[in-house]
Each structure stands twice: as structure tokens, then as C-alpha cells.
């Protein structure tokens, strides 16, 4: 690579962290999201928190009377390695406002190294990196399958289709699957009736219905049966009878389908029942092969119903339930207005706009505005609402059954960890004369998660 670099710019290791990453993530992003940014020397950072201690004051008596230690909670934030690359030609610059800069005298139209154009491009490139960090922060999902551009949910036929009317699926989505983000972690650790170390979930009633379908195998005498689910073929060789073969299919594939949020059971002889584990999340099942002499018979179909729009004033009801549904320690914290102003409602735009419509109808929007660090926010019960900016990703990349989301949490309970001492980390910009393009690359390690479940309430 070095043979093709001319007058490039490079930041590595600690220099990268101090000059580029910390300013945009530890200052700008931390202020924007209300997250706590940690620097890790190794592959992870372990955080230790001591819970509040009460009822230690009692009547005097001679000697040591003792007392119990404060409750200790620990959370490990791990790092994952990411890379971003981009290249732009002369023409790409000419088609942007950068033309005004590149047309200045004495600046090459091709190699922009060492110019204010390069500085501007670095700024644009790192702004894109920052946005992707934010996207990963909220929506990283190690299990996410790739969905081709143009895929949509067809409510009339209750299937997922592409522009040509054909279901499209694929392998792991490389733009999301490096690691789990906050919402994946929250959903995996939340319940409507939480136990210890679980997050309280407020269920959003969005009119969804789980898809169901029964496929019954009969008449098979030989060969292989195949059901194609979400574009992937699942097969089972004939064994003894239709009933035995169907049971073997269940045994072989139930666990794999569960990872796709599809529950399969073997309710009766030769029958397989498929149910979407998440209401509003569709699947596509095609009986591809029934072997020799066999048939698949479809029955007991329940159509999927996708999430509906929020009703009038519904956002208020959801946020009220979040406010009142937290742990005792969180409710005590929020009962003081000064503390409440430090907390955050992280919301989808659907929640934000629904709440704004309520305030506009009441004529009280201005009175529900807070100024935090010079930035204006809508507030509910003194708590600012912050848009996560994930609605477009949920709609286009996930076809999500949970488009309406709220995460109520307190200061510094969302963590972003950076590796501040890794020589493999770099941001580099260079001109490649062979292809007449300006290239940018960023690679560094970061991770994210919520920290303590008792300081979170999630609605979805």
C-alpha cells in the first residue's frame, strides 16, 4: 500500500484517540446521547458499582457492632474491531460543494493531500463514522440477517418481498453483525414482570398478531422433504413414515429456527406448526419438496399483522408507564425534579412526534421545553426526550415489529468504550494515482451496552 500513498495523512494509536475519536465520541456524541465514554487499555473494561447503603444508624453501644457491606454490581464492557473505507474521485468532488474549494488556485484537482479539501473530507468521513457508531450503538445485532435493498413488508399478502415480488434473504448482515448494540441487549434482558437483574419492560400495544402456519406431511414413501423458510432450505431424509419424518424434521431444525424467532412444534402425527415468536415479524414458508409420493398440506393459518401507528396521545401513556414502572431505586431518584432533569427518554421519532402532537393540541408545547447544555428538548415530567434517530434503519434494514421504542434511563447508565492504546487503530487518508482517487480508512475498537438494569425501563 505504501507505494501508492502520496502526501497522505495518518493518525494511529493514542494520537488517533486523542485527536479524532475522543473529540467526536467523548464530547459531541456523549453530550448528544447522554452516554458515558470509557477508555480501555485491553479488550474490555470492568466497571464496579456499589449500591446505596441505608439503615446503618442505631443506638450507641460499646464495641464494634458491625454491619453488612454495600451491595456490589459489576459490568464488563467488551471491545470489537471495526473498519470503514471510502474513496472519492475528482468527479465526485466536482459534483459537490467542494468544487468551490478545489477551484482555488494552487490546489490540485486530483491529489488533495495536505490541502484544506483534505481537512474537509476528513471531517465529512469522520462524521459518517460517527453516525455509524451511533447506529451500531443502538441497533448492532450479531444475529441479524441481510435484507436486500428494496425489500418491504406487504401487508396485503403478509409476506416480505423485494421489488420483483420475491422474498429475499441472505447471510449475516455485515453492517450490523459485528456485535450487539444497546437495544439487542435490552430486549434480551427485559420482561414485563422482571426478576433480579432484569429490565422492566412496558409492552407497547401496537396491534400486532403473530403469524402461524401448520404443515402436515402425508403419503411419503422415500426421498427428502424440504421446507424453505425465509429463503433458506431446511431438509430431512425420509424415515419409516410421514409421522417419523416430521418428528425428525422438528428435532433437526427447531433450535436453528428458534434463533430466527420462529417457534416450531410437532403437535400431532406428521404435523409441524410454525409460529412467529415475535408478533408482527413475518416469515415466509414454502413447501419445496415432499419426497416420493408425499404431500404437504397447509392449515391453521394465522396471518401476520404488522405494527400499527400510535394512537392519539399514546406516547404520553407509554412514557407515564415507564416513569412509574421502574425499580424502587429509580423511582426514588426520579421523584426529585433536579434528578429527573438529568435522566433521559431515548425515543423513536414515532414517540417523539406523537408526543409533540399531543402538546400542540393542548397548546403547551413551549411550556414542556427544556434547555439542556444550550440545546432545546421536549420534556415529560421534567425529563428530556432525545430522538435516537433509528426509525429509518428499523423500517428499511430490520422491517422491525417494534417501531415504537422508549428507553428511560439515568445519567451515565449507557456506556461506550474505546481502545485508547491500540497501535492497530488508525485513520488514514491518501491519494492513489493509479486509480486517480482519494481514499479514507478508519479502523478502531469500540463497544457499547447499558450498565445496570435497575436504572433502565424499556418500552417496545
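Bear in mind these aren't lab numbers, they're just calculated from the coordinates by the rules spelled out. Bear in mind that the values here come from a model prediction, so they are computed numbers and not experimental data. With ideal geometry, Cβ positions are generated from the backbone for all residues, glycine too; neighbour counts draw on all protein chains shown.
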Task: Fewest-first ranking of 232, 129, using other Cβ atoms within 10 Å as the exposure measure - done: 232, 129
Open item on the list: Please arrange 253, 404 by how many other C-beta atoms lie within 10 Å of their C-beta, fewest to most.
Closed with: 253, 404
Open item on the list: Neighbour counts of other C-beta atoms within 10 Å: give me 310, 408 arranged from fewest to most.
Closed with: 310, 408
Task: Euclidean distance of C-alpha centroids, the stretch 224-256 and the stretch 387-460, integer Å - done: 39 Å
TODO: Take peptides 324-336, 428-440 and line them up by average Cβ neighbours within 10 Å, highest first, as a rough protection proxy.
DONE: 428-440, 324-336
